[in-house]
Amino acid sequence: MKILQIVEQAFRTLVEEQDDTILWLTQSMAGAGANLEVLLSGNAVYYAVMKNRQPAVKIGDWVQQEPADIPSDLGRILEQDIPVYVLKHELEERGLNVDMLRPSIKPIDRTQLVSLYKQVDQVWQW
Amino acid sequence: MENKKLTFAFMDPPFENERTITFFRIVDAALDGGADVQVFAYEGAAALAFALQKAHGNSVHHRDAEEEAHPLTKDWIAALQKKAERLGRQLDWVNCGLCVDERGVNESIPGCKRGSPADLWRYASSSFNTLVIGTR
Amino acid sequence: MKGYLFIQSQDQFYDARTSAQYKLVVSLAEAKESVSILLVQNAVLATRKGVESNIYADLNQHNIQVYADELSLKQREISPEELSDGIKPVKIDVVIDAMLNGDKVVWW
């Protein structure tokens, strides 16, 4: 059974959880044997072009020690041979483009998105 | 159809969003539809089964706690458990353990277990179908 | 025939994402897939006659069935007579029917 994980809610938990909880869930489920593919959609297309770890947040005397590292999380997902897709038009409508993508992330268009929906068994929109 | 087991993943906490009651209505309908149900409660949803939820009165409504009869999600889960038992269906519920820990909502009502994303995959791979209701 | 049921909880007055979502369902329908949408929660606010949008008529023209959750309609005091053409009020059970049919059921 192949599942398309659609990650859409970007930046929601990066400080509190020190990761994106759906990218984390994806890594964890893949480790348990799940057959997954990932689509970065909506504002989560930003994840596909990020290069740096998140800035450490300070609240009063509290200083974050281990900020989220989206490039590393995506790197681990790719190392697990999980395909990661991003929609070209969603990059472009945000002023981004395919030249900014990290290697191994696959840009797709609307027609390819339909094919992606058809080729998986379930679509999990997070 | 032999396998009428359905899995639901849900992420929202109690008392925050209309998604919560829609999710519970869908699970209720699944039992009516003859399905066994498995729920994976992720993030804020790990508090839905928190045993220390407490109903309160409401002075604006001019009602004490008994009169107000405030809804609690732990009671909705218990009601679904009773319904499943009455119908001879199975209702399994797993809370994401890390989500429970960081929120301090470890005390769940009976029948709701602690688990991990591996349980979501175990549930989904043993089900006929799965619905994920993400948060916004 | 297995198809798709998209459960739309986002409303077009507030969520810009709905436009891209409806483009996707039209693309799926044009690819000969069986597609339905169930409007729930505030998504039903756009079902009333007189709303300045013919998105549902457009979806119907692509053979996309549009349902609206009866409870969500009742909560907002939208009667069946006040619904735009092509929108069918239904119980939430349609979600389970679709899941048990093996459809890909997706929450928006």
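The values are calculated or read from the model by the stated rules, or taken from the named source; none is laboratory data. The shown structure was predicted, so the numbers you read here are calculated from the model rather than taken from an experiment. Quick reminder, even Gly has a Cβ in these numbers, built from the backbone with ideal geometry, and neighbours come from all protein chains shown.
List of remarks:
- Pairs are defined by a Cβ separation below 6 Å, a sequence spacing of at least 6 or placement on different chains, a first member in region A:25-51 that is free of Cβ contacts under 8 Å to residues at least 12 places away in the same chain and of a type in the set (Val, Ile, Thr), and a second member that is part of a helix (DSSP H, G or I) and surrounded by 19 or more Cβ atoms within 10 Å (Cβ to Cβ); no pair meets this definition.
- Wholly enclosed strands (runs of 3 or more DSSP E) of region B:35-136 bearing at least 3 residues aliphatic (A, V, I, L, M): B:36-41, B:129-133
- Which numbered condition residue C:51 misses (of (1) within 14 Å of chain B (Cβ to nearest Cβ); (2) surrounded by 14 or more Cβ atoms within 10 Å (Cβ to Cβ); (3) farther than 24 Å from residue A:123 by Cβ): (1)
- Residue in region A:18-40 that is part of a loop (DSSP other than H, G, I, E, B), over 20 Å from residue A:3 (Cβ atoms) and modelled with pLDDT of 95 or more present: yes
Conditions tested, residue by residue: (1) touching a Phe, Trp or Tyr at 6+ places or on another chain (Cβ under 7 Å); (2) touching a residue at least 24 places away in the same chain (Cβ under 8 Å); (3) within 12 Å of chain A (Cβ to nearest Cβ).
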| residue | (1), (2), (3) |
| --- | --- |
| B:87 | no, yes, no |
| B:91 | no, yes, no |
| B:108 | yes, yes, no |
| B:111 | yes, yes, no |
| B:116 | no, no, yes |
| B:127 | no, yes, yes |
| B:134 | yes, yes, yes |
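- Residue in region C:21-37 that is over 11 Å from the mean Cα position of the chain (by Cα) and aromatic (Phe, Trp, Tyr) present: no
- Condition check for residue A:94: more than 14 Å from chain B (Cβ to nearest Cβ) and either surrounded by fewer than 18 Cβ atoms within 10 Å (Cβ to Cβ) or in a loop (DSSP other than H, G, I, E, B) (or both): yes
- Residue C:22 being more than 11 Å from every other protein chain (Cβ to nearest Cβ) and either part of a loop (DSSP other than H, G, I, E, B) or closer than 26 Å to residue B:21 by Cβ (or both): yes
- Sole residue being within 19 Å of residue B:131 (Cβ to Cβ) and of a type outside the set (A, V, I, L, M), chosen from C:27, C:19, C:9: C:9
- Residues of region A:23-35 satisfying the condition of being buried (at least 22 other Cβ atoms within 10 Å of the Cβ) and under 10 Å from residue A:73 (Cβ atoms): A:23, A:26
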